[in-house]
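Each value in this text was obtained by applying a stated rule to the coordinates, not by laboratory testing. What you see is a predicted model, and the numbers here were worked out from it, not measured in a lab. Counting neighbours? That spans all protein chains shown, and the Cβs are built from the backbone with ideal geometry, glycine included.
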Amino acid sequence: MKIESVMVTGANRGIGLEFVRQLSQLSDPPRYIFATYRNADCLQDLKEIEESSTQSKFILIKMDVTRPEEIEAAKTIVEDAVGERGLNLLINNAGVAKMEMFPNVTPENLELHYKVNTEGPLLVLQAMLPSLERAAELHAGTGGMGVSRAAVLNMTSMAGSITNAGFVFTEDLAVPSYKISKAALNMAMRVAAAKVKDKGILIVMMCPGWVKTDMGGRERAVLEPEESIADMLKTLSTLNESHHGTYMDRLGTPYPF
């Protein structure tokens with residue numbers, strides 16, 4: 001799997017941090033790794049990965065996905081670096097999950113989840129779309145869609161499945177706003193996928209599994225970040241146009257919307 005440039009949102013902790021670590025350790029790592037963070041006080045682990053990397057150029061970007069002006073600033077940084085070669089891979093990873101159970105869900109809780117988990121990824125994709133389009137056009141000769149050409153990997157959740165809500169996995173009923181926002185993310189990216197299907201940009205929604213992170217819960221979750229991200233990268237390398245707009249688990253098995 002050859003990826004010339006990748007942008008990972010929410011890269012200073014959890015799943016995002018592990019994505020950056022494993023991408024930098026590929027046998028042929030990306031030339032550019034754009035790693036976004038929201039809090040400059042939590043950069044130690046990310047900087048250690050940057051310092052240990054010998055082949056990738058790390059560009060750390062302060063970007064809160066709820067702030068359009070910071071997204072625009074990040075767009076400029078990315079475009080200045082990659083130029084006409086464009087951005088090959090966008091990993092929309094930044095997210096939030098705060099417990100507030102029905103029937104006591106507040107408007108503030110709903111709004112927070114929607115702005116971070118749904119609106120944020122869509123606005124980031126829209127900002128980076130011209131750069132993704134340039135990468136897709138540059139590598140058009142490779143044929144079809146794929147991560148080495150241009151792709152968007154959205155971190156969704158099995159919690160976003162409307163079909164399975166409340167019947168297959170009930171642990172997530174404690175975070176209804178999270179479930180709602182992830183179902184909305186799936187729709188947002190399904191719409192985006194339909195609009196760019198002729199541009200050569202692959203868009204998928206993937207659930208990493210229940211991962212031992214600060215957001216996912218370290219005591220009850222079942223997957224180590226290393227295992228989850230290794231599985232996702234392996235799956236990502238196999239995806240093509242037949243997977244465009246699909247909602248899947250980390251192994252590539254489709255989920256019902």
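Helical runs assigned H by DSSP (4 residues or longer) give the chain a calculated mean residue ellipticity at 222 nm of -11500 deg cm²/dmol, each run adding -39500 (n - 2.57) before division by the residue total.
Filter the chymotrypsin sites (Phe, Trp or Tyr not before Pro) in segment 172-256 down to the DSSP loop ones having no more than 15 other Cβ atoms within 10 Å, then list what survives. If you can, show how the numbers build up before the last one.
Working: sites: Tyr178, Trp210, Tyr247; in loops: Trp210.
Filter output for segment 172-256: empty list.
Applying the Kirkwood pairwise sum to the alpha-carbon positions of the chain produces a hydrodynamic radius of 18.1 angstrom. Evaluating 6.51 cos²θ - 1.76 cosθ + 1.60 at θ = phi - 60° for every residue in segment 104-114, the Karplus couplings come out as 10, 6, 9, x, 5, 5, 4, 5, 4, 5, 5 Hz, glycine and proline recorded as x. Converting phi to 3J(HN,Hα) with the Karplus coefficients 6.51, -1.76 and 1.60 and the offset θ = phi - 60°, segment 136-143 yields 5, 5, 4, 9, 4, x, 6, x Hz in sequence order, with x at every glycine or proline. The mean sequence distance of close C-alpha pairs (under 8 Å, at least 6 residues apart), as a share of the length of the chain, puts its relative contact order at 19 percent.
Helix 68-82 and the longest principal axis of the C-alpha atoms of the chain enclose an angle of approximately 30°. Modelled spin labels at Val222 and Glu137, positioned 7 Å past Cα toward Cβ, are 4.6 nm from each other. Once the Cα atoms of helix 14-24 and of the chain are each reduced to a long axis, what angle between those two axes, in degrees from 0 to 90 to the nearest 10, is obtained? Value to nearest ten degrees: 20.
Cross-link pairs exceeding 28 Å between alpha carbons, from the set Lys47/Lys179; Lys75/Lys195; Lys2/Lys75; Lys57/Lys182: Lys47/Lys179; Lys57/Lys182. Computed from point charges on the beta carbon alone (+1 for Lys and Arg, -1 for Asp and Glu), the dipole magnitude for the chain about its Cα centre is near 460 Debye. Excluding residues on the same chain fewer than 8 positions from Lys234, give the aspartates and glutamates whose Cα lies under 19 Å from its Cα. Within the straight-line cut-off, Lys234 pairs with Glu4, Glu18, Asp28, Glu224, Glu226, Asp249.
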